[in-house]
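Notes for the one structure printed next.
The values are calculated or read from the model by the stated rules, or taken from the named source; none is laboratory data. For clarity, every value in this text was computed on a predicted model and none was experimentally measured. Cβ atoms come from the backbone with ideal geometry, glycine included; neighbour counts cover every protein chain shown. We work out accessible area using only protein heavy atoms, side chains counted, and drop any ligands, DNA or RNA first. Shrake-Rupley method; radii C 1.70, N 1.55, O 1.52, S 1.80 Å.
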Amino acid sequence: MHPLRQAAHAELERIRAQGRYRSFTPLRKRAATFPVYLLGTRPITVWSSNDYLGMGVHPVVTAAAAAAAVEIGAGAGGTRNIAGTSDLHDALEAELAALHGKPSALLFTSGYVANQAGLMTMLRALPDWHVFSDQKNHASMIAGIKGAPATVHVFAHNDLADLEARLAAAPQAAPKLIAFESVYSMDADIAPIAAICDLAERFGAMTYLDEVHAVGMYGPTGGGVSERDGVAGRIDLIEGTLAKGFGCHGGYLAGDAELIDWLRSTASGFIFTTSLPPTTVAAALASVRHVRQDQPRRAALFERAERLKRVLAAAGLPILPSASHIVPVHVGEAERCRTVSRRLLDEFAIYATPINYPTVPVGQERLRLTPTPLHTDAMMEALVAALRAVLPSGLAVAA
């Protein structure tokens, strides 16, 4: 057996022994019944979708995708530089720039690619970069940072004192970048963006903010936590996604016009990949335009999230602290978490994804619940009853 096959076999056996083996559930999303999907012919209530606002099934969005497919076709047919740019791509980039109050924006094929390509390109452009990365940053940000020869300082999660100390210890003349998220999707907490900007200005650092779990939902027009807090203008680069609050697909960067133009001209993750399909771009454009003016939908999301937190807490279930729309339920131990998730699906027709190491630390395994404006009170009561049946007794005390 080739050494690579031996290594792959050994790693898979280790993952299985630790209860971390990933099994995918082939759910069929149903526009007419969301958040109820189908597993075969069986209706399943889904509590772990990232389509936070249900925009992926909104008639305005699906109609835009269908019309683009008929008029333009299924695929873009090339990279952005080779016949893959349409008026829809230009319009969506302009809409995203306006969403964040920035002069310019650039589309990528996913949020992961936007982070990886954007950070890697920036950090390869100058010698002696010092990057200050939050301990709980997403894997895509870590990949972008590790792909460049920068000095990396990982500061304790949302810890301003630790960040300040590390900034102060770095060479004064070195170029500096602080990379962090707004909403951290596994811990459901929110970064102190204004205070981080204060430190960035004090130490001459650029700021790079990942808003993927906030765009569409936070702020008066869905511009994210930076819009809600009135600090978007203090952020150098904002990265976002079209795949969560907007219910479609793709990622983007928004910022200064010349900086975005430079990334457009130099980021290999942008240049050498096929452009987003016109169907996707049309759907995303319709979604962003709709969401920006649909404050009642945002209000409904947060009302549903707060109600879910209340009913789970009232039932004595082990919910973890949440400052956002995400509701984590502590389980602990990978195999137990998988078993709880599987029992919810098999016995109660409820889908809640188990979140295990390395996504969260060992011992902090959890279910990550994401209520949408379309989850009903009855669905919440059914979820509570199911969780009380499948979670081990005494777990709330242990959490």
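Do any residues in region 116-135 that are farther than 16 Å from Gln172 by Cβ have Cβ atoms under 7 Å from those of residues that are charged (D, E, K, R), where the two are at least six apart or on different chains, and which pairs are they?
As it stands, the answer is Gly118/Glu239; Asp134/Glu181, since those pairs meet every condition given.
Does region 43-64 hold any residues that are assigned to a helix (DSSP H, G or I) and surrounded by fewer than 21 Cβ atoms within 10 Å (Cβ to Cβ), and which are they?
Quick first cut of region 43-64, residues assigned to a helix (DSSP H, G or I) only: 55-57, 59-64.
Result: Val57, Pro59, Val60, Thr62, Ala63.
All but one of (1) buried (at least 20 other Cβ atoms within 10 Å of the Cβ); (2) under 20 Å from Val360 (Cα atoms); (3) polar (S, T, N, Q) hold for Gln116; state the number of the condition that does not hold.
It is condition (2) that Gln116 fails.
Is it fair to say Pro392 is in contact with a helix residue (DSSP H, G or I) (Cβ under 8 Å, 6 or more places away or on another chain), at pLDDT below 95 and open to solvent by 40 Å² or more (accessible area, probe 1.4 Å)?
Values: in contact with a helix residue (DSSP H, G or I) (Cβ under 8 Å, 6 or more places away or on another chain): yes; at pLDDT below 95: yes; open to solvent by 40 Å² or more (accessible area, probe 1.4 Å): yes.
Yes, satisfied.
Restricting to region 267-309, count the residues that are in contact with a helix residue (DSSP H, G or I) (Cβ under 9 Å, 6 or more places away or on another chain) and part of a helix (DSSP H, G or I).
Final tally of qualifying residues: 24.
Just the residues that are under 19 Å from the mean Cα position of the chain (by Cα) and either at positive phi or small (Gly, Ala, Ser) (or both), please, taken from region 293-346.
Across region 293-346, the qualifying residues are Ala305, Ser322, Ala323, Ser324.
Considering each residue of region 345-365, count those that are modelled with pLDDT of 95 or more and either of a type in the set (Lys, Arg) or closer than 30 Å to Gln135 by Cα (or both), and give that number. Before the answer, list the steps.
Filtering region 345-365 down to residues modelled with pLDDT of 95 or more leaves 345-352.
Retained after the next criterion (residues that are either of a type in the set (Lys, Arg) or closer than 30 Å to Gln135 by Cα (or both)): 351-352.
Total satisfying the criteria: 2.
Have a look at Ala195, Ala174 and point out the one that is in contact with an Asp or Glu (Cβ under 7 Å, 6 or more places away or on another chain), over 30 Å from Leu367 (Cα atoms) and surrounded by fewer than 24 Cβ atoms within 10 Å (Cβ to Cβ). Break it down into steps so the answer makes sense when it comes.
Values: Ala195 fails: in contact with an Asp or Glu (Cβ under 7 Å, 6 or more places away or on another chain).
Of the residues listed, the single one that is in contact with an Asp or Glu (Cβ under 7 Å, 6 or more places away or on another chain), over 30 Å from Leu367 (Cα atoms) and surrounded by fewer than 24 Cβ atoms within 10 Å (Cβ to Cβ) is Ala174.
Is at least one residue of region 234-256 closer than 24 Å to Ile190 by Cβ and assigned to a helix (DSSP H, G or I)?
Scanning region 234-256, I find at least one residue that is closer than 24 Å to Ile190 by Cβ and assigned to a helix (DSSP H, G or I), so the answer is yes.
Report yes if some residue within region 265-281 is touching a residue at least 40 places away in the same chain (Cβ under 8 Å), open to solvent by 60 Å² or more (accessible area, probe 1.4 Å) and under 27 Å from Ile193 (Cα atoms); otherwise report no.
No: region 265-281 contains no residue that is touching a residue at least 40 places away in the same chain (Cβ under 8 Å), open to solvent by 60 Å² or more (accessible area, probe 1.4 Å) and under 27 Å from Ile193 (Cα atoms).
Assuming His290 fulfils every condition listed in (1) more than 21 Å from the chain's Cα centre (by Cα); (2) under 25 Å from Ser86 (Cβ atoms); (3) touching a residue at least 60 places away in the same chain (Cβ under 8 Å); (4) surrounded by fewer than 24 Cβ atoms within 10 Å (Cβ to Cβ) apart from one, which condition is it?
Checking His290 against (1) more than 21 Å from the chain's Cα centre (by Cα); (2) under 25 Å from Ser86 (Cβ atoms); (3) touching a residue at least 60 places away in the same chain (Cβ under 8 Å); (4) surrounded by fewer than 24 Cβ atoms within 10 Å (Cβ to Cβ), the one that fails is (1).
Considering only residues that are polar (S, T, N, Q) and under 30 Å from His89 (Cα atoms), which ones fall in region 35-69? I'd like the intermediate steps shown before the answer.
Step one: of region 35-69, the residues polar (S, T, N, Q) are 41, 45, 48-50, 62.
Within region 35-69, Ser48, Ser49, Asn50, Thr62 meet the criteria.
If you check Leu107, Leu96, which single one turns out to be open to solvent by less than 40 Å² (accessible area, probe 1.4 Å) and in a strand (DSSP E or B)?
Details: Leu96 fails: in a strand (DSSP E or B).
Result: Leu107 is the single residue among Leu107, Leu96 that is open to solvent by less than 40 Å² (accessible area, probe 1.4 Å) and in a strand (DSSP E or B).
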